[in-house]
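The values are calculated or read from the model by the stated rules, or taken from the named source; none is laboratory data. Source: prediction; values computed, not measured. Note that each Cβ is placed from the backbone with ideal geometry, even for glycine, and that neighbours are counted across all protein chains shown. Side chains included, ligands, DNA and RNA excluded: accessible areas come from the protein's heavy atoms. Shrake-Rupley method; radii C 1.70, N 1.55, O 1.52, S 1.80 Å.
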Amino acid sequence: MLLRAYQTGKNIIRSIATSLLIGVIVGVIDAVFGRGLLAISDFRTEHFTYLIPFLPIAGLLIVWMYHHFSEISTKGMTLVLEMGQGKRKEIPMLLAPLVLVGTWITHLFGGSAGREGVAVQIGAVVSSQIEQRFHLCGDKKRMLITGMAAGFGGLFQTPLAAAFFAIEVITAGKMEYGSLLNSLVAAYTASYTSHFLGLAKFAVPIQSALNMSQPCVLGPVILFGVIFGLTGRFFAVSLKYAKEKMSRFFRNPYARIGLVSIPLAIILTLLYQGRYSGLGTNLIAAAFEGQTIFAYDWLLKILLTILTLSIGFQGGEVTPLFSIGASLGVIVGEVFGLTPEVCAALGYAAVFGSATNTLIAPVLIGLEVFGTDNAVVLVLVCTVAYLVNGNRSIYTAQQLEC
């Protein structure tokens, strides 16, 4: 009995120590990646006219890198989820540097894409490589989830949301609670590490709150959940459809990205000189700082992000989803005469939750970024959005619990 208790305690301590190590390593990489991406974005904004014509060449370079070094790594998050589901024994180590450099190139030359997929993939690669080489924990799936949490937490510095995102995204409707402690340790460690290294956290403490006791508020709030849920669903379904159609029509990846990125570059230039390029943080800032948000901002960001990702450019979907939700939230808030910044915060979280087919993570990210004054409204909107989504997800490899 005592020997068993000793062994259990020893395994727990070793597992936590491994999570700390993963958190530090991934936090450092996230800081380098995140700060580099912000610098690249600023540089692109200043020199957009000179950089955007080279978008097709940048696309060809990305395809060449993957084809030359690790073609299977083009599957990205699919590899991570398949390993978590036991369908794959390992993730290529080259996935991490390829997706990092590929995303930097995409953003430098004006593609519309995100960054979270990069961080999650990097975290997964780091944790799986550590476990594969040193066997510090003895549980590959737990370490994979731990790395995913560290990647998300280190980049966005929302460790609670990161931990729950990692344990609920692999299989919809099933929470990997056995990995929660490790995920929390790694996510908080990565978050503190990246912050210490100068990566700033995005946060907008919102003081005003919607009064749910008023019938004129409850009805619109439920409708918001439906609207945000359908938006996330539309994004997920359209992204999958676009990727399939592009792959069938352009079987050669060089032709796909080289030819389609020409009209993409022209469209991005004509539409306000790159307003819809990059992460979409400009739209997020506009939504919460009272700047101009056009009624079509959210839709154009959806379409251009889908086009960018479906032809082979690298980057995630989450930050564009945040910008889509925030800009749409401002519009629907103005229609119903409700506080625009509160509605933007609800859209920010709920569209992300719908598109990723997760529930706990979007609620927590809303609380960590915007504060707790609208906690009840946030839970309600995210729940309705999750139900309306109907188990669609931007992660096509995500499983459904039987």
Mind telling me which of S247, S208, S70 comes out most flexible in a GNM of the chain, alpha-carbon contacts under 10 Å?
S208
Region 277-308 to region 113-145: how many Å between their Cα centroids?
31
Could you tell me which of V351, Y395, G325 has its Cα farthest along the dipole of the chain towards the positive end, charges placed at Cβ (Lys, Arg +1; Asp, Glu -1), taken about the Cα centre?
Y395
Violations at 28 Å Cα threshold for listed pairs K240/K301; K75/K245; K174/K240; K87/K201; K87/K301; K201/K301 -> K87/K201; K87/K301
Contour minus Cα-Cα distance for F294 and L259 (0.36 nm per residue):
9.6 nm
Compute the semi-axes of the equivalent ellipsoid of region 120-202, taking the square root of 5 times each eigenvalue of the Cα gyration tensor, and list them largest first in whole Å.
20, 16, 9
At a threshold of 8 angstrom on Cα-Cα distance, excluding pairs fewer than six apart, so keeping six or more, what relative contact order does the chain reach in percent?
23
Dipole moment magnitude, nearest 20 debye, the chain about Cα centre, only Lys, Arg, Asp, Glu C-beta charged:
1180
Sort 347-356, 224-233, 152-161 by the packing proxy (mean of other Cβ within 10 Å over each peptide's residues), most packed first.
347-356, 152-161, 224-233
Select from the chain the helices, each a whole stretch of DSSP H, whose alpha-carbon atoms run 18 Å or more along the helix axis and whose Kyte-Doolittle mean is at least 0.5; answer none if there are none.
2-46, 55-69, 95-108, 140-156, 180-196, 215-249, 253-270, 297-310, 318-336, 340-356, 375-389
Rank Y177, Y296 by accessible area, highest first, at a 1.4 Å probe radius?
Y177, Y296
Give me the percent of the accessible area of the chain that comes from carbon and sulfur atoms, probe 1.4 Å, all protein chains in place.
66
Measure out, as a whole number of angstrom, how far apart the alpha-carbon centroids of region 59-75 and region 170-208 sit.
30
With the chain treated as a Gaussian network of Cα nodes joined by springs under 10 Å, which of L136, L279, L144 yields the largest mean-square fluctuation?
L136
Contour minus Cα-Cα span, A39 to F54, at 0.36 nm per residue, comes to 3.5 nm
Accessible area, 1.4 Å probe, largest first: how do Y50, Y241, Y276 sort?
Y50, Y241, Y276
